[in-house]
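Novice: Got a structure here, written out as structure tokens. Questions coming.
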Amino acid sequence: MSDDALRLAVIGVGHLGRHHARLASTLEGVRLVAVVDVKAERAAEIAAAHGTTPLTDYRELFDRVDAVVIAVPTEGHLSVARPCLERGIGVLVEKPMASSLDEADAMLAAAATSGATLAVGQTERYNPAVAAVLPLVTSPRFIEVHRLGTFSERSLDIDVVFDVMIHDLDIILALVRSEIVSIEAVGVPVLTPKFDIAYARLRFASGCIANVTASRISRDRVRKIRFFQPDAYISIDYAEQSAEGWRLTRRDGQRPQIQGGALPVQTDEPLRRELADFVDAVRNRRAPLVDGPGGRRALALATEIAEKMKSV
């Protein structure tokens with residue numbers, strides 16, 4: 001790749017894609033070549049806002065870009081991503097990576113053949129609070145997650161597990177490096193034919209247990225994860241980008257004391273960090289923080305949880 005600005009396009013500029021376009025237009029060393037959407041008016045609106053070209057057919061990008069962000073509905077991820085990857089174009093595909101594990105494997109195969117960068121938009125991994133806590137979570141024994149959101153008309157084509165819980169599954173898999181030995185799960189469809197509320201209990205070979213609750217029909221918005229490990233408690237508020245850590249300290253001849261408090265977090269927009277990591281990965285031909293295999297692992301766990309829910 002030349003030293004010129006990396007040529008990037010955003011495919012699908014609905015709810016999330018328009019934010020990708022906004023941020024991509026401000027990244028140093030990046031030129032937003034075009035935005036693509038099947039709705040011409042929407043493509044024109046977003047393109048005008050960021051001084052780029054509107055398109056309705058992503059295939060017009062093939063000879064004009066080095067990388068693309070794909071934010072179309074999940075069912076279209078493979079059909080858009082594969083021809084880009086086959087041509088060596090770097091791809092950042094939104095979560096969930098694909099509609100099925102077979103489709104995810106097809107993306108991985110295309111990326112492996114061409115050598116193109118494949119990243120998956122598990123945005124919470126880029127949350128500054130998560131980055132602050134990662135070095136401190138060393139031997140979790142119990143993890144508790146609550147991710148509750150108000151009802152929205154978007155992403156109703158997929159269960160809440162793939163819509164929002166998958167973020168926390170990705171975080172848990174990154175931190176608990178142990179095999180999952182059992183899964184219990186239950187889901188309830190309330191406002192849609194899909195599961196709108198879900199609960200999963202994961203047991204790992206290490207003995208760690210994770211309780212994960214997700215809802216997209218709650219009155220309040222809650223996005224928190226808590227880790228309990230020997231002599232320590234660590235918590236993250238994703239939305240506030242804040243974290244706390246508490247530890248039991250022991251000294252000879254003295255009563256054990258609990259010490260800790262708020263952890264230093266340099267706030268930033270996770271989506272901006274995700275895009276910057278992707279751009280750097282494409283430019284320097286390295287793996288992004290959440291690569292294709294990482295996205296597949298989260299999808300595989302989400303799929304297993306969804307299957308458990310359907311069997312109840």
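Every read-out reported here was derived from the displayed coordinates using simple, explicitly stated rules and does not represent laboratory data. Computed from a prediction, not measured in an experiment: that's the story for all the values here. Cβ coordinates were reconstructed from backbone atoms using ideal geometry, including for glycine residues, and neighbour counts include every protein chain displayed.
Novice: Only helices at least 15 Å long along their own axis, judged from Cα atoms, and with Kyte-Doolittle mean hydropathy of -1.0 or greater: name those in the chain from DSSP H. Write out the running numbers ahead of the final one.
Specialist: Details: long enough: 40-50 (16 Å, 0.05); 101-114 (20 Å, 0.59); 270-284 (21 Å, -0.45); 292-311 (28 Å, -0.34).
Correct list, ordered by number: 40-50, 101-114, 270-284, 292-311.
Novice: On each of the three principal axes of the Cα atoms of the chain, give max minus min coordinate, whole Å, ordered largest first.
Specialist: Taking the Cα atoms of the chain, the three principal extents are 70, 46, 39 Å.
Novice: I'd like the Karplus ³J(HN,Hα) series for region 135-152: coefficients 6.51, -1.76, 1.60, θ = phi - 60°, whole numbers in Hz, and an x wherever there's a Gly or Pro.
Specialist: x, 8, 8, 10, 8, x, 10, 8, 10, 10, 10, 10, 10, 10, x, 7, 5, 9
Novice: Oh, and also: Mind checking the full-extension length gain between GLU269 and LEU101? Use 0.36 nm per residue of separation minus the Cα-Cα distance, one decimal, nm. Kindly include the intermediate steps, with their values, before the conclusion.
Specialist: Details: separation 168, 0.36 × 168 = 60.48 nm, distance 2.96 nm.
Difference between extended and current length: 57.5 nm.
Novice: Among the DSSP beta bridges whose two residues both lie in the chain, what percent are antiparallel, rounded to the nearest 5?
Specialist: Looking only at bridges with both residues in the chain, the antiparallel portion is about 60 percent.
Novice: Would you please give the residues with an amide H less than 5 Å from that of LEU263, counting only those at least 5 places away or on a separate chain, with H modeled from the backbone geometry?
Specialist: Close amide H contacts, sequence-distant or interchain: ALA243, GLU244, GLY245.
Novice: Quick check: from the Cα gyration tensor, does region 195-312 come out rounded (a/c under 1.5), prolate or oblate?
Specialist: Note, shape of region 195-312 comes out oblate.
Novice: May I pose another question? Given an 8 Å cut-off on Cα distances and at least 6 residues of separation, report the relative contact order of region 127-209 as a percent.
Specialist: Details: 80 pairs, mean separation 26.2, N = 83.
With pairs under 8 Å counted, the relative contact order is 32 percent.
Novice: So, counting K/R as plus one and D/E as minus one, what does the shell of residues with Cβ under 14 Å around SER114 add up to?
Specialist: After counting each charged neighbour, the total is +1.
Novice: Residues with amide H under 5 Å of ARG216's amide H, sequence separation 5 or more or different chain, H placed in the peptide plane at 1.01 Å from N; which?
Specialist: GLY149
Novice: Determine the alpha carbon to alpha carbon distance for each of LYS224/LYS310; LYS95/LYS310; LYS39/LYS224 and list only those over 29 Å. Provide the component values of the computation, followed by the final result.
Specialist: Working: LYS224/LYS310 26 Å; LYS95/LYS310 21 Å; LYS39/LYS224 36 Å.
Exceeds cut-off: LYS39/LYS224.
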